[in-house]
Structure formats: structure tokens, C-alpha cells
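The values are calculated or read from the model by the stated rules, or taken from the named source; none is laboratory data. Given the structure is predicted, the values throughout are model-derived calculations rather than measurements. Cβ placement follows ideal geometry from the backbone for every residue including glycine, while neighbour counts extend to all protein chains displayed. Note: areas computed on protein heavy atoms with side chains; ligands, DNA, RNA excluded. Shrake-Rupley method; radii C 1.70, N 1.55, O 1.52, S 1.80 Å.
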Amino acid sequence: MITDHRKKQQLNKARKRKAAARATRQKSQKKELIYQIYTTINHNFPELFNWMRKIEDCRKKTSKYELAAHLTACIAMFLFKTGSRNEYNQKRENQQFKKNYQKLFGLPMPHGDSVHNVVALLDENQLEQLKQQMVKALLARKIFHQNRYRGHWFRIAVDGSGVVNFDQKHCDQCLHKTSKNGKSNYFHTVLEAKLITANGFSISLATEWIENPTGDYDKQDCERKAFKRLATKLKQAFPRLPIVILADGLYPFEGFFAICKANQWAYIITFKTGNLKTVWEDVEALKPLQMDNLRHESRYLPNDKKTEQVYRWVDKVDYHGYQFNWLECRETLIDKEKYARKTTVFVHITDLALSHKNIANTSLTGRLRWKIENEGFNTLKNGGYAMEHKWARKSYLAMKNYFQFMQIAHLINQLMVNSVTFQETYLKGKNHPTLKSIWQDLIAAMAWSNIKLKRLKQIVSTRIQFRFVS
């Protein structure tokens with residue numbers, strides 16, 4: 001009996017040691033998240049804080065904080081996914097969080113109200129340029145070059161999204177809708193051009209607000225009008241970037257084709273039945289003359305499932321002097337176990353040449369447009385960035401500036417999350433934590449851990465290879 005009792009004691013001690021070791025590893029892993037953010041910023045944007053210091057100081061009164069401190073704080077609101085200025089201020093009340101913040105960014109942590117006062121004065125164009133400067137730094141290092149379409153084109157998805165709604169008129173630039181019962185809804189909508197990749201990136205390159213002009217106007221602003229302005233911004237910021245525009249069924253119109261031709265951009269856009277009726281008539285007439293433009297593919301999936309794709313395309317369709325190609329993918333999912341078949345049809349038009357070799361990838365690339373909705377807007381709305389939160393209830397300029405800071409923080413977080421190091425450390429295995437819980441751990445670690453300046457200096461002085469998931 002004594003022997004059994006000792007064995008139980010030894011087993012309990014062993015279990016406690018394992019539990020303590022596991023707790024220590026988990027705590028260390030949570031703290032490591034802070035260093036991961038620092039590594040991501042320092043490696044990809046070593047000049048970020050200097051770039052912010054070059055932004056024109058818009059403040060009329062002197063402040064104990066330099067402008068870069070306020071800009072950094074606003075990025076941090078979204079970097080840490082605080083969800084509101086109030087939540088940011090609560091984090092600021094924690095002295096350990098505040099100390100770690102200053103070590104991490106090398107700047108003090110100003111109050112959220114002070115940050116808001118600055119955001120309401122900032123020139124939105126300078127923030128857009130800061131964001132684009134960060135993207136250009138990544139392009140210069142060829143971070144996304146292996147994800148180019150056909151080894152040449154960068155996939156740029158264009159789409160609009162609602163940002164915030166009001167029951168009453170927010171400002172003169174508000175869009176509005178009036179229901180049948182006479183109630184008006186006021187809202188702000190934004191149009192984005194985002195660089196997307198198959199491995200999960202959705203990075204803002206240019207932003208254009210869909211907004212009514214000041215004063216009298218005949219018609220409200222719309223996405224098509226805003227695209228013309230967005231295209232000008234995009235071309236000015238990235239004049240030599242090889243771009244293939246991915247867009248939805250709103251974009252097959254003559255003005256879009258003219259803009260792409262003038263800017264030497266390629267395009268693959270969704271083509272719906274109601275779009276350009278004369279083009280559909282030409283497609284039906286040309287199909288029998290191009291019967292060789294056909295490809296079949298099959299893929300076997302787990303659980304006794306299978307997909308079959310039938311690709312058809314028509315070359316050289318003319319529309320008001322613009323020539324493009326029509327392609328269709330008829331995809332059928334077959335579930336043998338349930339004796340079920342589901343067919344989905346995807347149709348696109350493109351000015352790029354089509355062949356048996358590239359038709360499947362062209363169709364897939366056109367369908368990648370959804371990433372601006374999922375990895376882009378959906379993440380910003382539901383992934384902790386609180387895109388639809390009323391960050392600025394009165395100032396329209398502040399609202400637009402918060403949106404730009406959100407894009408910058410989202411860019412940094414994407415670079416961290418899509419890195420091989422992060423994926424293998426935190427998202428490996430069946431029961432890995434969610435990104436939401438990981439960010440909760442990150443915030444908690446900022447509040448209880450003690451960041452070592454020696455480790456931060458070591459990160460700066462050590463050259464690393466920053467690899468991303470494929």
C-alpha cells in the first residue's frame with residue numbers, strides 16, 4: 001500500500017510538472033505574439049515611423065506628443081483590434097500595457113480623445129500616400145511577384161462596400177435611400193482597389209469614397225462614377241504596375257473598357273445574363289463556329305466526392321470597338337454517397353488570350369474576386385476591426401481617416417498572420433486556436449508581460465527570411 005501511495009504521489013508530481021511546463025510554454029507563446037508584431041513591422045517597414053514623421057502636422061496647438069505618436073496610436077487601435085476608442089483608452093489605463101506599448105513602438109501612448117482630435121484634422125491624401133508607400137516597399141522587395149497571374153499581372157480586385165449607416169443626415173456627402181413609407185436611410189459607401197492573392201492577401205492600394213458632391217446635384221454618386229476617380233488614383237500611384245482588374249457584374253460597360261485600355265490594364269470581370277444583350281447574342285452566334293474551344297477536367301475529392309468542370313470560350317467578341325473573349329465554367333459537384341449533384345455556372349469576359357492551357361486558371365482567377373469580399377471587407381467588418389462601427393459620429397474627414405488607418409493595420413496583421421512562422425506556431429493542427437482568441441491572448445500578454453528591450457534590439461539587428469504560406 002505504501003508503494004502504491006508513493007506511486008500515486010510521483011504520478012501527481014509528474015502531472016503537475018507537465019502542467020506547469022505546458023502553462024509556461026503557452027505563456028511564452030502568448031508573449032511571443034508581441035515580438036511577432038514587432039518583427040513584422042521592423043522587417044517589412046523599417047522606415048514606417050520616419051515616414052509618419054514626414055506627414056504635415058495639422059495641429060493648431062502645441063502638444064507634448066509628436067504627430068507620429070498620434071498616428072501610431074490610431075494604427076494600434078486597429079492593430080490590436082480594440083473595436084472602439086473607449087476600449088483603447090481602457091487598455092491605456094493598464095500601466096503594464098502602456099509600458100509595453102512604449103517599448104514596442106518607441107512612442108508614448110496618447111489618450112484616444114487626443115488621437116481623435118488629430119484624426120479629424122489630417123489630410124486624407126497623405127494617409128493614402130502612406131499606405132501606398134508601404135505597399136510599394138513590399139512590391140520593391142518582390143513579396144507578391146510569385147503570385148502574379150501568368151507570371152506578369154498583379155490581381156487587383158475592385159468592389160464597393162457600405163461602411164456606416166445613420167438614421168439622420170450625417171453630412172452633405174451622405175448617400176441616401178427613401179423607403180415606400182417615406183423613411184430615409186443615410187449611409188457612406190467606399191470603393192476599394194485591393195491587391196489579392198490566392199494564398200489569402202487582400203491589401204488596399206487605393207480608396208475612393210462614393211459621395212455626393214457639395215451643393216446641388218441631379219443624381220447621387222454611384223460605384224461606376226467612383227471607379228473613374230479610383231482608376232485615376234490607382235494609375236497615378238502605381239503607373240507601371242501590370243494590373244489585371246477583377247470586378248463583378250456591375251462593370252461590363254463602355255467606360256470601364258475605355259479606362260482599362262487607356263491605362264494598359266487587363267481585366268477579367270463577371271458577366272451576367274442581363275449584361276450587354278448584344279454581346280450575349282454574338283456569343284450564341286459564335287459558339288457553333290468555335291466548337292474546339294472546349295475543355296473537360298475532373299477532380300476526385302475525399303468522402304467519395306468529385307468535381308467536374310466543363311470550360312467553353314468564345315474568342316474575339318466585339319462591343320463598340322472593344323474586343324474581348326467570353327468564357328464559361330460549368331462546375332458540377334458530385335456526392336456519390338448522397339446521390340447528389342449540384343451544378344454552378346461561372347461566366348466572365350476578359351481581354352486576355354484564352355487557350356486550352358490557361359482557360360481553367362483564367363476562370364479561377366476571375367472567381368478570386370470574392371477574396372476582396374471575404375479576406376477584405378468581411379474580415380474588416382467581423383474580424384475585430386469594427387469597420388461598421390461609428391468611429392466618428394460628426395466628422396466625415398475623421399471617418400475617412402480612420403478607414404485608412406484600418407487598412408494600414410490590416411496590412412501589417414496580414415503580413416504577420418500569413419507568415420510561415422505564425423502559421424506553424426499558432427495555426428497548426430486540428431484544434432488550433434482561432435484568430436480571435438489569439439488576439440485576445442496578444443492583448444492579455446501586453447497587460448501582464450514585460451517586453452525585453454534586449455530582445456527588441458536583437459530583432460532589429462538580426463537578418464531573417466520572412467516567408468509566406470503558399
Quiz prompt | Residue, nearest to Ile196 (Cα to Cα), within the stretch 349-386, restricted to residues that are of a type in the set (A, V, I, L, M) and part of a loop (DSSP other than H, G, I, E, B) | solution = Leu352
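So, in the stretch 110-139, exactly how many residues are within 25 Å of Gln465 (Cα to Cα) and open to solvent by 80 Å² or more (accessible area, probe 1.4 Å)? Write out each step before concluding.
Going through the stretch 110-139, the residues within 25 Å of Gln465 (Cα to Cα) turn out to be 130-139.
Cutting the leftovers down to open to solvent by 80 Å² or more (accessible area, probe 1.4 Å) gives us 136.
Of the residues in the stretch 110-139, 1 are within 25 Å of Gln465 (Cα to Cα) and open to solvent by 80 Å² or more (accessible area, probe 1.4 Å).
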Practice problem: Could you please give the count of residues in the stretch 283-310 that are in a helix (DSSP H, G or I) and open to solvent by less than 60 Å² (accessible area, probe 1.4 Å)? | Solution: 4
Self-check item: Residue pairs meeting the criteria (Cβ under 6 Å; at least 6 apart or on separate chains; first more than 21 Å from Thr197 (Cα to Cα), in the stretch 240-258; second among the polar types (S, T, N, Q) and surrounded by fewer than 24 Cβ atoms within 10 Å (Cβ to Cβ))
Solution: Pro252/Asn275
Exercise. Evaluate the following for Val317: is it in contact with a helix residue (DSSP H, G or I) (Cβ under 6 Å, 6 or more places away or on another chain), surrounded by 17 or more Cβ atoms within 10 Å (Cβ to Cβ) and among the β-branched types (Val, Ile, Thr)?
Key: yes
Practice problem: Of the numbered conditions (1) in contact (Cβ under 8 Å) with a residue 40 or more places away in the chain; (2) in a helix (DSSP H, G or I), Leu121 fails exactly one; give the number of that condition. | Solution: (2)
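Please indicate, with yes or no, whether at least one residue in the stretch 388-397 is of a type in the set (Asp, Glu) and part of a loop (DSSP other than H, G, I, E, B). Even if it seems obvious, please write down each step before you answer.
From the stretch 388-397, those of a type in the set (Asp, Glu) are 388; that's our starting set.
Filter again for part of a loop (DSSP other than H, G, I, E, B), leaving 388.
Yes: one or more hits.
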Quiz item: Any residue in the stretch 174-192 that is over 24 Å from Asp218 (Cβ atoms) and hydroxyl-bearing (Ser, Thr, Tyr)?
Solution: no
Practice problem: Among the residues of the stretch 256-288, write down those that are touching a Gly at 6+ places or on another chain (Cβ under 7 Å) and among the charged types (D, E, K, R). | Solution: Lys272
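Tell me, yes or no, whether the stretch 324-339 has at least one residue that is hydrophobic (A, V, I, L, M, F, W, C), part of a loop (DSSP other than H, G, I, E, B) and either modelled with pLDDT of 95 or more or crowded, with 22+ Cβ neighbours inside 10 Å (or both). Don't jump to the end; show me each part of the working.
As a first pass, look at the stretch 324-339 and keep what is hydrophobic (A, V, I, L, M, F, W, C): 324, 326-327, 329, 333-334.
Adding the requirement that they be part of a loop (DSSP other than H, G, I, E, B) leaves none.
The answer is no, given that none of the residues of the stretch 324-339 is hydrophobic (A, V, I, L, M, F, W, C), part of a loop (DSSP other than H, G, I, E, B) and either modelled with pLDDT of 95 or more or crowded, with 22+ Cβ neighbours inside 10 Å (or both).
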Quiz item: From the list Thr425, Thr462, which one is open to solvent by 60 Å² or more (accessible area, probe 1.4 Å) and at pLDDT below 95?
Solution: Thr462
Quiz item: Here are some conditions: (1) part of a helix (DSSP H, G or I); (2) more than 26 Å from Tyr186 (Cα to Cα); (3) open to solvent by 70 Å² or more (accessible area, probe 1.4 Å). Gln414 meets all but one. Which one does it not meet?
Solution: (3)
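Among the residues of the stretch 369-381, are any basic (Lys, Arg), under 26 Å from the mean Cα position of the chain (by Cα) and either under 30 Å from Asp292 (Cβ atoms) or surrounded by 20 or more Cβ atoms within 10 Å (Cβ to Cβ) (or both)?
Filtering the stretch 369-381 down to residues basic (Lys, Arg) leaves 369, 371, 381.
Okay, now just the ones that are also under 26 Å from the mean Cα position of the chain (by Cα), so 369, 371, 381.
Those still in the list that are either under 30 Å from Asp292 (Cβ atoms) or surrounded by 20 or more Cβ atoms within 10 Å (Cβ to Cβ) (or both) too: 369, 371.
Checked against the condition, which is being basic (Lys, Arg), under 26 Å from the mean Cα position of the chain (by Cα) and either under 30 Å from Asp292 (Cβ atoms) or surrounded by 20 or more Cβ atoms within 10 Å (Cβ to Cβ) (or both), the stretch 369-381 yields at least one hit.
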